Structures are given as C-alpha cells and as structure tokens.
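Structure, as structure tokens:
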Amino acid sequence: TDVAYSFINPNWDGSLKTTGYYSDPVFGFDMNKFTIIKDGCASAGTNLWVALGGADKDHARDNRLGDVSANATYRVKLATDLVTFCKNNGVYGISVDWEFPDGAQIANHVLLLEAIDDQITAQNANLKVSVAVGGEYKGSANHLSYVSSSLFTSKEHLVDEWHVMAYDFPNSYNANHSSLADAEGSMDGWKNKGMAYNKMLLGVPFYGRDAARTGEKEYDNLLGSASSN
C-alpha cells in the first residue's frame, strides 16, 4: 500500500538536495531512481512517501538536520522546498526520519515539524506526515527521551503516523536484536509516553541476527526450510 523512498536531505542552508547521489551518497539524491519508483507507485495505486534524513554511521545527516532546524531561515527553506518537491511529484507523505534528536535538538525537531505543517497549509498541499522513532524503551539510554511530549498533547496534530523502529535492540534487552517481547515493550513504552496506539506502525527487520550484531541473515538469504532459518 505504501512505499517510503529513502532518503532525501538538505544542503547546509536548508535547500533541498535533489541531485548528486553518486558523488555524495550521504546527502545526495538519485532523481532517476526516484522517478522510476514514483511512476511505479502511480501505476500500482501505491502511496509514495519520501523519507527525510536517515541514519549513517557518522551521524552526518543527524547533525545537518540539527543545524538546519536550529536556524529559522534554513528551517523554513527546508520545509518550503520539501513540501514543494512533494506537491510537484505527487508524493503522498513526508516521513521525518531524524536519527535522533537529543538535547536542544528535541525542541528544534518540533519546530521543523511546525514549519512543514505551515508549508502544507500555505501551499494547499494534501500531504501526510510521519515521524520515525527508535524502539528502545528502558534503561538509562532509551529512545523515549528523544521526542517532545508536546507531540502527544498540544501539538499532536503535527504527526499523522509514528513509525516505531523495533529492531537493533542492545543485548541487555534480549539475546536477539528484535524479539516479539521487545516489539510489544517498545509500543507499550511509547503508549506510556503519550503516543496513541492507533497512530503507531510497527517497524520490523527483514534480517535476523543476535543482539551482538553477529550471525546476520537477510530475508533473501534464508535457504530451504531449515528451522534454524
């Protein structure tokens, strides 16, 4: 029903980067591949989302979203360009995948969502907005602390769906990186924080490994009917 094309990112000044994937795989965007996916979604009646941000090992995307969102001019530029891009390309929704705001960035995360909402109204765009959040829900370091509680109360209108990434849990949670118990625990944890169950989509991994990040098997490499797979 839905495809999220990943990822699109801003330049340092908030302008949307829609080229340069092969020279800049962290921030670049492959418009040719995006067009293929867009046309396929249109033919199949599939909702096309574009995902903003995404993870990288050096947190470059995280840091850039932080810098852009902290500057009012850059933040509005990003929101304007992003909504314009989505409107011009028949995109169904924007998935904000900032991994992950912390400290002062938490308030700026809300400001970015507000700027996107303002532009959706200003441009009369029919767009949904989702936010991706981590699944960790217990211990001194957990993902429940990375989201402003206002998004579950006075500002809940800014987010249509929450994408709960219930995978890659640390080995202190379970021997496996994504157990059913941890999926339930993360959803319950977010519910206790204030997130409504009917706005949650549970994210699951299409790969298996233990919590130490070893023994990985991807879904297309599971051979035969062996129970171990």
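The values are calculated or read from the model by the stated rules, or taken from the named source; none is laboratory data. Just so you know, these numbers come straight off a predicted model, no measurement behind them. Positions of Cβ are generated from backbone atoms using ideal geometry, with glycine treated the same way; all protein chains shown enter the neighbour counts. Please note that ligands, DNA and RNA were not included when accessible areas were found on the heavy atoms of the full protein model with its side chains. Shrake-Rupley method; radii C 1.70, N 1.55, O 1.52, S 1.80 Å.
General remarks:
- Annotation: of all residues in the range 143-168 being of a type in the set (Ser, Thr, Tyr) and assigned to a loop (DSSP other than H, G, I, E, B), the one that is surrounded by the most Cβ atoms within 10 Å (Cβ to Cβ) is TYR167.
- Screening VAL83 with (1) within 30 Å of ASN174 (Cα to Cα); (2) open to solvent by less than 10 Å² (accessible area, probe 1.4 Å) gives one miss only, at (1).
- Filter pass, ARG75 being part of a helix (DSSP H, G or I) and open to solvent by 40 Å² or more (accessible area, probe 1.4 Å): no
- Out of GLY103, GLY135, GLY93, one residue alone is open to solvent by 30 Å² or more (accessible area, probe 1.4 Å), farther than 17 Å from GLY14 by Cα and among the small types (Gly, Ala, Ser). It is GLY103.
- Within the range 19-46, considering residues that are open to solvent by 80 Å² or more (accessible area, probe 1.4 Å) and under 21 Å from the mean Cα position of the chain (by Cα), the one farthest from ASN89 (Cα to Cα): TYR21
- Of residues in the range 210-229 being farther than 15 Å from ALA175 by Cβ and open to solvent by less than 70 Å² (accessible area, probe 1.4 Å), the one modelled with the lowest pLDDT: ASN229
- Taken together, the criteria exclude SER140 from residues that are within 17 Å of the chain's Cα centre (by Cα) and either open to solvent by 60 Å² or more (accessible area, probe 1.4 Å) or closer than 18 Å to ILE94 by Cα (or both).
- Residues of the range 175-188 that turn out to be crowded, with 16+ Cβ neighbours inside 10 Å and part of a loop (DSSP other than H, G, I, E, B), as a count: 3
- Every condition in (1) outside any loop (DSSP other than H, G, I, E, B); (2) of a type in the set (S, T, N, Q); (3) within 27 Å of VAL50 (Cβ to Cβ) holds for ASN192 except the one numbered (3).
- If you check LYS199, LYS191 for being open to solvent by 70 Å² or more (accessible area, probe 1.4 Å) and not small (Gly, Ala, Ser), only one passes: LYS191.
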